[in-house]
Amino acid sequence: MSRPEHLAPPEIFYNEDEAKKYTTSTRIATIQAEMSARALELLALPENESMYILDIGCGSGLSGEIIEEEGHYWVGLDISDSMLDLAVEKDLEADLFLQDIGHGLGFRPGTFDGAISVSVLQWLCNADKKINRPLYRLQRFFSTLYSALRRGARAVFQFYPENDDQVQMILSTAMKCGFTGGLVIDFPNSKKAKKQYLCLFAGSAPGSARSQKLPAAQGIDGEFSAPNSLRTTTRNPKKKGQNRTPVKSKDWILQKKELNRSRGDKPVPHDSRYTGRKRKTKF
Amino acid sequence: MRLITHNMLKCHVRGCDDSSKNFPLEIQDAQLEQIEAEKNDAFLVRMFPRLEWNALVSTAKNLSINNLPEKIPENIEEDQALLEILHTVLLETNVKEGRMVCRGCGHIYAIKNSVPNMLLAEHEI
Ligand SMILES: C[S@@+](CC[C@H](N)C(=O)[O-])C[C@H]1O[C@@H](n2cnc3c(N)ncnc32)[C@H](O)[C@@H]1O
Ligand SMILES: [Zn+2]
């Protein structure tokens, strides 16, 4: 598999052409939507409440659309202005920032109820410029993220680690910055379906004495411990009955959109969520 | 960028740590846009304790929004009129163009097409 992060820095790689190609591919949209839904599920947010969520490396908003569909408010950060341009065009209900997460985040302590990041973290491990020292950037990122989260909140990263060293570097840096947690590996034995989620906990909520437990993975039976008091949970895809469809498969989303369209009472994303939203400009 | 998120934002230039100056970022030359949003009182009530009220009032005034009470309100869940105002100010008022300036280090974060540019220079990271 070729790794885009080896080709060019992200703000160069995701130029106008690549951003368009990425965003208009239904194959990519489907995969990103599924992984975003899974990441949100791993956040374990309280039900039926609107939360304030950070989307790290939000790109053109494929992951953010899923956050929005769940009724949450979100803030998206990305280093590629071409990707962000496409997100802006979608008229999402989000606040978008052009930002290099390796520079650290500037949110006040306890701002967010949770954070997700889909297919981004491997970019941060790359020394794509002379001044970019991965370890330093990871440290800056995780320490400012820890602070930006409410105590007890989670940050879930789906990512494509290049090798075990990279996983270790990421995990140990996150732990140094105060996080606990570990890797959740869905469908570890399937080359195609295998997906890795780094689940981080920013302490525990005040008043809750018990420490957070790593969520169970999908499609697996084994469980083993990883070093650093980190646990890795995995699931076997072949086992009958456990093979659940992701919370929001493509069908689910399409069906929901179709339903919404036919009902006509709810704004439907993609065709621009608030095509009819009133806008007024003031100077 | 909605004003609710501006209220959460401080300067992230390395070493700019004086919390009396790195927050709030001062909005200048703003072009505002009102974008209709669904009402959600429960969310506002939940977010209320996270707001820095004085910063919100001063930022709003600076943008000629003068209908927020000076004193931090109490029992906002029972105050429909205030929830209405908060909804409009926090969730519907967007800064479309302009810039944010840090009173600590002087960094200027430009805002274009509703997106603030938070990229830092090499000596700031
Ligand atoms: C594969 S895309 C994923 C986008 C989106 N999360 C999705 O699921 O469609 C990876 C994104 O990470 C962003 N990215 C890479 N390095 C970054 C960095 N240092 N800071 C912010 N964003 C970064 C890229 O610009 C790109 O938009
Ligand atoms: Zn500053």
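The values are calculated or read from the model by the stated rules, or taken from the named source; none is laboratory data. Keep in mind it's a predicted model, so treat the numbers as computed, not measured. Here Cβ is always computed from backbone atoms with ideal geometry, including for glycine, and neighbour counts include all displayed protein chains. The accessibility values were calculated without ligands, DNA or RNA, using every heavy atom of the protein model including side chains. Shrake-Rupley method; radii C 1.70, N 1.55, O 1.52, S 1.80 Å.
Summary table below
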item	result
Whole-Å semi-axes of region A:100-221's equivalent ellipsoid (Cα gyration tensor)	22, 22, 11
Centroid-to-centroid separation of region A:7-46 and region A:175-197 [C-alpha atoms, Å]	18
For the protein assembly as shown, alpha-carbon Rg relative to the globular expectation (2.2 N^0.38 Å, N residues)	0.97
Beta bridge orientation in the protein assembly as shown: antiparallel %, DSSP, nearest 5	60
With every protein chain in place, the protein assembly as shown: carbon and sulfur % of accessible area (1.4 Å)	49
Whole-number accessible area per residue in Å² for region A:1-91, which is evaluated in the context of all protein chains at 1.4 Å	40
Prolate/oblate/rounded label for region A:15-107 (Cα gyration tensor, a/c 1.5)	oblate
Region B:52-125: C-alpha gyration tensor shape, a/c 1.5 cut-off, then a/b vs b/c	prolate
Solvent-accessible area per residue, Å², over chain B with all protein chains present [probe radius 1.4 Å]	45
Isolated Cys residues of the protein assembly as shown, judged by Cβ distance under 4.7 Å to other cysteines	A:Cys58, A:Cys125, A:Cys177, A:Cys199
Contact surface A-B: accessible area buried, both sides summed, square angstrom, 1.4 angstrom probe	3800
Cα-Cα over 21 Å, subset of A:Lys280/B:Lys39; A:Lys21/A:Lys90; A:Lys90/A:Lys194; A:Lys90/A:Lys278	A:Lys90/A:Lys194
Whole-angstrom Cα spans of region A:12-69 along principal axes, big to small	39, 20, 16
For region B:3-124: rounded, prolate or oblate by the Cα gyration tensor [a/c cutoff 1.5]	prolate
With at most 15 neighbouring Cβ atoms within 10 Å, loop GluC sites (Glu not before Pro) (DSSP) excluded, longest segment of chain B	B:75-125
Those aspartates and glutamates that a straight Cα-Cα span of less than 13 Å connects to A:Lys130, excepting residues fewer than 8 apart in one chain	B:Glu122
Cut-off under 5 Å, modelled amide H: who pairs with A:Phe159 long-range	A:Ser119, A:Gln196, A:Leu198
